[in-house]
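A.B. asks: For reference, the structure I am asking about is given below.
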Amino acid sequence: MAPRKIIIDTDPGQDDAFAILFALGSPEDLEVLALTASAGNTPLAVTARNARQLLELAGRPDIPLFAGCPRPMVRPLITAEYVHGETGLDGCDLPPPRIAVQAEHAVPFLIRTLMDAPEGEITVCTLGPMTNLAMAMVMEPRIVPRIREVVLMGGGFFEGGNITAAAEFNIFVDPHAAHVVFGSGVKLTMVPIDCTYKARMTRQWIARLRGLGNRTGLQAAGMGEFYQRYGNTKFATADYPLHDPCVIGYLLAPQLFGGRDCYVAIETTSPETLGMTVVDWWGVTKRPPNCRVLRDLDSPAFYELMLERLARLP
Ligand code: BDR
Ligand code: CA
């Protein structure tokens, strides 16, 4: 079978970095057509730089990077340097990127690419706030049925939120964008913190990553250690979840994940619950499902797969 064509919209972020490297280490399964940078964990200029550094680390300077919207659709930008450090990729040591940002903006790139491709061919993965994809859907609604599937990291329901009591970071930063995407009718799979909290990265796994002997493993281990330090203040264990690579893990090995089709609404008005993903897990609203919501994960198998794929990179 031909590899699945994907575009990764991302705001790296150490966990975005693991996701990107996981995908690039899986060329027989996934063809990464492009990365598009969103503002999120850090401002757009930083995420666009980080994305290019990661492409070079993985030995894939041929994959283009398009920079998207510098701020959410309605609200001002909120960033998360307190999690990821000032560079967004604290813990690694990468040279300034040599490849350039593409001249075209990410939104027209998404529209052009989706309109030109056969219907149902391209999967869009979003690992940050969904501003770029939502803007593309607003500008050209005909892209919606052309998308094979959107797989997004974002939201939370039984676990509540991670930036407010009710909201997860990616949805909270741009709830209006999430509202557009969830209301679009596109085939949608959501990977919320209820699922990603089960993807706990252990110290032993980081040690194995460091021991792979390739440069990618070394740099990724550094990022993992930095990221885990923040996690140590949150969870009772030394382990800390890597959120975004669950999106790639789901594309590669969906049998490792469990979930349900649900109706999901995004809260865009209440000040207390802004950005909450209101998941009708029990089907009480009787509204037709608009999203596959993942909740379960075989974490050891997921981390084995990621290690195997990262080992293939330079
Ligand atoms: C999400 O927020 C970001 O900080 C991470 O990169 C991830 O995409 C987790 O809530
Ligand atoms: Ca992210």
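The values are calculated or read from the model by the stated rules, or taken from the named source; none is laboratory data. What you are looking at is a predicted structure, and each value in this text was computed from that prediction instead of being measured. Here Cβ is always computed from backbone atoms with ideal geometry, including for glycine, and neighbour counts include all displayed protein chains. For accessibility, only protein heavy atoms count, side chains too; no ligands or nucleic acids. Shrake-Rupley method; radii C 1.70, N 1.55, O 1.52, S 1.80 Å.
A.B. asks: Select, from Thr87, Thr164, the only residue that is open to solvent by 20 Å² or more (accessible area, probe 1.4 Å), touching a Ser or Thr at 6+ places or on another chain (Cβ under 9 Å) and under 30 Å from Arg215 (Cα atoms).
C.D. replies: After applying the criteria, what remains is Thr87.
A.B. asks: Here is a follow-up. Name the residues in segment 2-21 that are among the small types (Gly, Ala, Ser) and either open to solvent by 10 Å² or more (accessible area, probe 1.4 Å) or within 8 Å of ligand 1 (Cβ to nearest atom) (or both), would you?
C.D. replies: Ala2, Gly13
A.B. asks: Of a type outside the set (D, E, K, R), within 16 Å of ligand 1 (Cβ to nearest atom) and under 23 Å from Leu188 (Cα atoms): is that true of Thr36 in this structure?
C.D. replies: yes
A.B. asks: Being more than 16 Å from ligand 1 (Cβ to nearest atom), within 24 Å of Asp15 (Cα to Cα) and touching a residue at least 40 places away in the same chain (Cβ under 8 Å) is the filter here; which residues of segment 103-129 pass it?
C.D. replies: Passing the criteria: Ala106, Leu110, Ile122, Thr123.
A.B. asks: Still on this structure, please answer the following. Do we find a residue being out of contact with any Asp or Glu (no Cβ under 6 Å at 6 or more places or on another chain), without any contact (Cβ under 8 Å) to a residue 60 or more places away in the chain, of a type in the set (Val, Ile, Thr) and within 13 Å of ligand 1 (Cβ to nearest atom) anywhere in segment 66-86?
C.D. replies: Looking for residues that are out of contact with any Asp or Glu (no Cβ under 6 Å at 6 or more places or on another chain), without any contact (Cβ under 8 Å) to a residue 60 or more places away in the chain, of a type in the set (Val, Ile, Thr) and within 13 Å of ligand 1 (Cβ to nearest atom), one finds at least one in segment 66-86, hence yes.
A.B. asks: Additional query: Please report, ordered by residue number, the strands (runs of 3 or more DSSP E) entirely within segment 207-314 with at least 3 residues that are open to solvent by less than 10 Å² (accessible area, probe 1.4 Å).
C.D. replies: Hits in segment 207-314: 291-297.
A.B. asks: Contact list please: Cβ distance under 9 Å, first residue in segment 154-166 and closer than 20 Å to Pro245 by Cβ, second residue of a type in the set (Lys, Arg), pairs at least six apart or on different chains.
C.D. replies: Asn162/Lys234
A.B. asks: Continuing with this model, one more query. Tell me yes or no: at least one residue of segment 58-66 is within 16 Å of ligand 2 (Cβ to nearest atom) and surrounded by fewer than 24 Cβ atoms within 10 Å (Cβ to Cβ).
C.D. replies: no
A.B. asks: What is the residue count in segment 1-46 for residues that are within 11 Å of ligand 2 (Cβ to nearest atom) and part of a helix (DSSP H, G or I)?
C.D. replies: 7
A.B. asks: Sticking with this structure for a sec: Would you pick out the residues in segment 180-198 that are outside any strand (DSSP E or B) and either more than 11 Å from ligand 1 (Cβ to nearest atom) or modelled with pLDDT under 95 (or both)?
C.D. replies: Val180, Val181, Phe182, Gly183, Ser184, Gly185, Val186, Lys187, Asp194, Cys195, Lys198, listed by residue number.
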